[in-house]
Amino acid sequence: MITIIKREILEHLQSLQFLILIILSILLFVMNGWISVRKHREQMTRYSDGVKGIAQNPSTVQASLYMHPNPLVLLADGGSKYQPPGYSLAPKGKLTPLPAGLKNFKMPFVPELDWAFIIIVIFSLYALLLAFRGISGEKEVGTLRLVLSNSLRRNQVLLAKYFSILLTVGIPLILGGLVSLSVVSIFLPEALSLMLVPRIGLMLLLTFFYLSIFVFLGLFVSSLVTRSSVVLLILLAAWILFVFVVPNLSGILSDKLTDVPSEYQSAKQVSSILKEQVWARIDKVRERVKRGELTMEEVIRRETDRAYEEGQEEVRKHYAGYENAMKHRANVARNLSRISPTALFQFASESLADTGPRREERFLKDARVYSSVYDNYILEKVGRLVGTSDWSFGASITVNGKSIDISSPHPQEYEGDKSDFPHFAESSPNLAYNMQQAALDLAGLAIWNLILSILAFAAIARCDVR
Amino acid sequence: MLTAIIKRDILEYMMSSKFLIGLGLSVVLAGMSTFINIGDYLQRQQDYLDAINDFENRGISVQIFREPQVLSTLVQGKDRVLGNRIEIDYWNLPIQTSGYMGHTSQHHRYLSGFISVDFAFVVRIVLSLMVIFLGYNSICEETVQGTLRLTLANSLSRGQLLLGKFIGGLFVVLGSLTIATLVAVLVLVLHPAISVNWDLALRILTMWGISALYLGAFFTLSLMISTIFNRPSVALLVLLQIWIVIIVVYPNVSVILSQHVVKIPGWEELNDRKRAIFEPYKRQYDENQKAFIKMARFGQYDMELRKKRFELSAHRTELHYRIDNEYSQELTRQMHIAQNIAICSPSILLNGVMQRLAGTDIREFDSFMEGVKRHWLKYLERQSLQYTDYKAYKESELPEFTYVKQSVAECIAQTPHHWIILFLLSVIFFVMAHMVFIKKDIG
């Protein structure tokens, strides 16, 4: 068996396709390193400026909370260009994404060139290209019969082919990975630390786990179908479905499968909420003034402030509801795309690299914990908490012939000493926690591996080698 | 003899499993994606109609809505990700649309990572791969099997044989494209909520034309590689690597390079520019603002002051818009540089023309925004009547918002280089295939 593995590896290494892959992967990994360096530098500058700004000007009106830039976007970017650099926190836990900086919205969409993308597109295809002739090719030239005439079982042949393909794919992968890491360590040494080594190592293991699916798939179809060209065609059709169609189609399918009102319908509800929750409350105060129940300006202001505050709460709930509905839709899309091993690998990589929506969720969890500390601080310093929404209101009430301007209250800035302003600290990612997050996706990849390995072994056992 | 070669090749291709699998996949994907995209389009169209009915001409500000494009069902382009609503008044003229909920984009960021699967995707990815499969062994397989020697033993020149293979292959490629297009169109036509008029039909026909050129380029490329390499497996592997570079790597690199060539100014720089451009008027503006607040506080009414406030605010908005527009043009320039760097990628050329024809490209969006600027000027003209002739202001109505939509002829006229380059690529690949084939040792 070892002889076969050696022979196969030697054959692969001498092929033109291996040479092309080595060149292509090194080029792509160099670009990946270079892009990551640029991106990380930009993010670090913005982060440092932001954090410095908060330290210099702490505010009881709103606080900006910044996400610490993660150098492991190198492995799996996780849609960082769509993520805000942090959140703005207003009293009563109102979190609003900070503007992500100016981006060219006119530019065509191109996926981020991270490790996950290179592996998903280039290496998975390469694994198929190595595997498709594994059995059918040998059958066509008649060498399979010769090989099996030795004291070697079919399972062993399959295993030998499987390991030789994985090892061959591993060479450009490890080489490329090292090149990418070298680029980062040369131009941005502070971004990489020994703490990241286990994550990078696990990412490589995950990659082999993912590529193993394609190798088994290739060997399975190769054992099943006699002609190599047909094998390759079937494999390419599967590759297109796994890599491009299923992950992307799920985005639009989730629209159908989730009962979320359209964006316009949600926007339309805002005006009725403002009418019913804000203005109706103000009208009630007006009526009480008319009836003579409220005569003092101070009391009227207190009542209208309370009315606005309760109204704002409803507006905030509506916006949060829409945000949660969109998150739910995105989760449905992600779950649908989990049919494809490519999506499973993508999500597991994001978990390992601690990027993507889950990372943002963790940050938001920390921000929510901090918001209560922040609210307590405001209460202590200012004496009262005022919640706001994206809307502010103003009106006037006539009391005893005098017009009083009333407007929705705004948070108040504390002008005294703020040296004890609470510091926001984002919880540091824990590898065990991230592994736990990736568990579902890893289980999915394991199921794919199991099913395809069983199919491949069954197919070669029943294969007519003549 | 040439006809016999063409007939034989067509028959061979059509009976091959690679053709059947490729065609089957293309047809299923074209039909399914069009059906799903129609649902999405109808939802956006309903939102648009509701928005028009509910919001038209309310208050001082004017809301303009961007209609979704019917052909986004075939080529989604940027149609879904750009916002559909813009609000203008004399102190505000944005350069970008927003979503109905007020976000910068209608397409929520949580779903932004999912790209579209549409007819353009089927042509760009699935059919181009099928074409590679049809063409990769057309010459080298015959060389290996020895049938090439036999064929050329007849009164047939090598040029004629290559031409025969080209015509035969192209016939099958165009046939597959036609079937996939017909399926997509059929799904579109049979949907009761969609009406396909002559303009749309012509656009779809032109889409078919550019797709044919795109697939033609891939077929001639496959022929060329098939003549260069003797082993079919090597030819196929080389073609697949080229395909990955053309479809995936090259467009990505072009975007990254263009971001380096053209630097986009940040918020702070834009704000500085805006401050600088308005500096000569700032004192006058501030004084007017103060006076206006004072007037409002004491319940007075000074028409001259209100008029001045309107004029200064409108002027400020126009000056700020000038800066924003310069910024928008910088974005367009960066995008054009990315497109120019990737000009040799058939996939970028195809996308450019398809999105232009479907009205889902940035050109269409820019045209919409130009319409918004014109509409804003008309709005200002009407608003100014408030301070000079109130009766005329009350009697006047803001004209309906319109913007220039490109005709099919204009779309073609503005993308000649796309068509020419795709055609030239086919010619170059065919000529090179011919040159190699003439000198090829067929054993």
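A few notes on this one:
- Rounded to the nearest 10 degrees, the inclination of helix A:16-56 to the longest alpha-carbon principal axis of chain A is 20 degrees.
- On Cα atoms only, tilt of B:362-388 relative to the major axis of chain B in degrees: 20
- Global geometry of the protein assembly as shown, whether rounded, prolate or oblate, following the gyration tensor of its Cα atoms and the 1.5 cut on a/c: prolate
- Fully extending the segment from B:ASN340 to B:PHE292 would add 12.1 nm, taking 0.36 nm per residue of separation and subtracting the current Cα-Cα distance.
- Loop-located trypsin sites (Lys or Arg not before Pro) in segment A:64-151 whose Cβ has at most 15 other Cβ within 10 Å (DSSP): A:LYS103
- Nearest-20 debye value, segment B:1-95 charge dipole, Cβ charges on Lys, Arg, Asp, Glu: 540
- With at most 11 neighbouring Cβ atoms within 10 Å, loop chymotrypsin sites (Phe, Trp or Tyr not before Pro) (DSSP) excluded, longest segment of chain B: B:1-297
- With helices as the sole contributors, chain B gives -24000 deg cm²/dmol at 222 nm; each DSSP H run of n ≥ 4 counts as -39500 (n - 2.57), and the sum is divided by every residue.
- Placing a label point 7 Å from the Cα of A:ARG288 along the Cα-to-Cβ direction, the residues of segment A:398-425 with a backbone N closer than 20 Å are A:398-410.
- Among A:208-219, A:30-41, the order from most to least packed when residues are scored by Cβ within 10 Å on average: A:208-219, A:30-41
- Point-charge dipole on Cβ atoms (K/R +1, D/E -1) for segment A:129-234, about Cα centre, debye to 20: 480
- Between the C-alpha center of segment A:197-235 and that of segment A:12-73 there is a gap of 29 Å.
- Shielding by other protein chains, A:243-251, mean Cβ within 10 Å: 6
- Working from Cα pairs under 8 Å separated by at least six residues, relative contact order for segment A:389-466 is 14 percent.
- Cβ-based charge dipole, segment A:119-257, positive-most Cα from A:LEU217, A:ALA127, A:SER182: A:LEU217
- Sorting the segments A:187-197, A:270-280 by their mean number of nearby beta carbons within 10 angstrom, highest to lowest, gives A:270-280, A:187-197.
- Relative contact order of chain B, taken over Cα pairs closer than 8 Å and 6 or more residues apart, is 23 percent.
- Alpha-carbon centroid distance for the pair segment B:23-43 / segment B:190-207, whole angstrom: 15
- For peptide B:40-51, the mean count of partner chain Cβ atoms within 10 Å of a residue's Cβ comes to 3.
- Karplus (6.51, -1.76, 1.60) ³J(HN,Hα), θ = phi - 60°, over segment A:68-73, in Hz, Gly and Pro reported as x: 5, x, 10, x, 7, 4
- For chain B, the longest principal axis of the C-alpha atoms and the axis of helix B:346-358 are separated by about 50°.
- Proximity of backbone amide H atoms, modeled 1.01 Å from N, is registered between A:ILE406 and A:ALA395, A:SER396, A:ILE397 at under 5 Å, excluding neighbours fewer than 5 places apart on the same chain.
- Per-residue average of Cβ from other chains inside 10 Å of A:315-322: 1
- Projected area averaged over orientations for chain A, convex hull of C-alpha atoms, nm²: 27.7
- Here A:SER193 and A:GLU413 are evaluated by their C-beta separation; at R0 = 51 Å the FRET efficiency comes out at 0.85.
- Positive-end residue, segment A:416-466 charge dipole about Cα centroid, Cβ charges, pick of A:LEU450, A:ALA432, A:SER419: A:LEU450
- Note on segment A:326-368 and segment B:238-301: Cα centroid distance 32 Å, given to the nearest whole angstrom.
- Candidates A:GLY292, A:ILE282, A:TYR264 compared by Cα position along the dipole of segment A:244-331: farthest toward the positive end lies A:TYR264, with charges placed on Cβ.
- Rounded to the nearest 20, the Cβ-based charge dipole of segment A:1-145 about its Cα centre (Lys and Arg +1, Asp and Glu -1) stands at 420 debye.
Only the coordinates and a few stated rules stand behind these numbers; no lab work does. All values reported here derive from a predicted model rather than from experimental measurement. Cβ coordinates were reconstructed from backbone atoms using ideal geometry, including for glycine residues, and neighbour counts include every protein chain displayed.
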